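To start, the structure itself, in structure tokens.
The values are calculated or read from the model by the stated rules, or taken from the named source; none is laboratory data. Computed from a predicted structure; not experimentally measured. Heads up, the Cβs are rebuilt from the backbone with ideal geometry, glycines too, and the neighbour counts pull from every protein chain shown.
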Amino acid sequence: MDSSIHKLRTLEAKFSAHVRWIEILLIFFLTKSLIADIMYANNTMAKQTFELGFLLNRASFALARYLNRSFSSNGLRGFSSSYLGVLNCLWEKDAQTLSELGGRIGLEASSMTGLIDRMEKAKLVSRKSDPRDRRVWRVSLTEKGRMLQPQISAIFEQAYQDLTKGIALEELVVVKNSLKKFIKNTGRTGLSAPGR
């Protein structure tokens, strides 16, 4: 009887050792699988981030190219889509400072200066020192800049129809809200679209 109990305990010990090895192997493979899943998820997130950035960049360039062609075909040769942010702001409220305009359209002072230089050369805006503080420059629309608003609005109405074909209004609202969050998440919380 003692030998039977001894054999049973030996078998139990061997079985228990095998079970521990099976548990260790299961933990190893599950951990390895979990690590692989995490690495795949991280690669997927990195890939999605890259794709999102790529698509945003492509969309921005495609829109600028489309608008520049539209401006040219509507008699506005030399007019650049880069002028639109400033013009929109000034059509809403004329005579703004460079820093006000830069804050609204998200451009640094050095970029604003070059943009306003080009717009002055195109006779769309003029720059004058503020009578209350001569260190501050105010940018105002010229008559030519003011007169462009109806023509630019018509071009944008056509662009909206062309570029949103096949996209439901609900989808456009989601994209717009998502892009606002995306911009906010970049830390540029001072950005606000003109008229919004």
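Of the residues Gly114, Gly102, which is within 22 Å of the chain's Cα centre (by Cα) and modelled with pLDDT under 95?
Values: Gly114 fails: within 22 Å of the chain's Cα centre (by Cα).
One residue alone meets the criteria, Gly102.
Does Asp94 satisfy the criteria of being in contact (Cβ under 8 Å) with a residue 24 or more places away in the chain and either surrounded by fewer than 12 Cβ atoms within 10 Å (Cβ to Cβ) or of a type outside the set (Val, Ile, Thr) (or both)?
Details: in contact (Cβ under 8 Å) with a residue 24 or more places away in the chain: yes; either surrounded by fewer than 12 Cβ atoms within 10 Å (Cβ to Cβ) or of a type outside the set (Val, Ile, Thr) (or both): yes.
Yes: the conditions hold for Asp94.
Of everything in the range 72-91 that's free of Cβ contacts under 8 Å to residues at least 12 places away in the same chain and among the polar types (S, T, N, Q), which residue is surrounded by the most Cβ atoms within 10 Å (Cβ to Cβ)?
This residue is Ser72.
Checking Arg69 against (1) modelled with pLDDT of 70 or more; (2) under 21 Å from the mean Cα position of the chain (by Cα), which single condition isn't satisfied?
(2)
Which residue pairs have Cβ atoms under 9 Å apart, sit 6 or more places apart or on different chains, and have a first residue in the range 97-117 that is farther than 21 Å from Pro131 by Cα and a second that is at pLDDT 90 or above and of a type in the set (Ser, Thr, Tyr)?
Leu115/Tyr83
Does Leu191 satisfy being within 28 Å of Leu98 (Cβ to Cβ), surrounded by 11 or more Cβ atoms within 10 Å (Cβ to Cβ), at pLDDT below 95 and not basic (Lys, Arg)?
Numbers: within 28 Å of Leu98 (Cβ to Cβ): yes; surrounded by 11 or more Cβ atoms within 10 Å (Cβ to Cβ): yes; at pLDDT below 95: yes; not basic (Lys, Arg): yes.
Yes.
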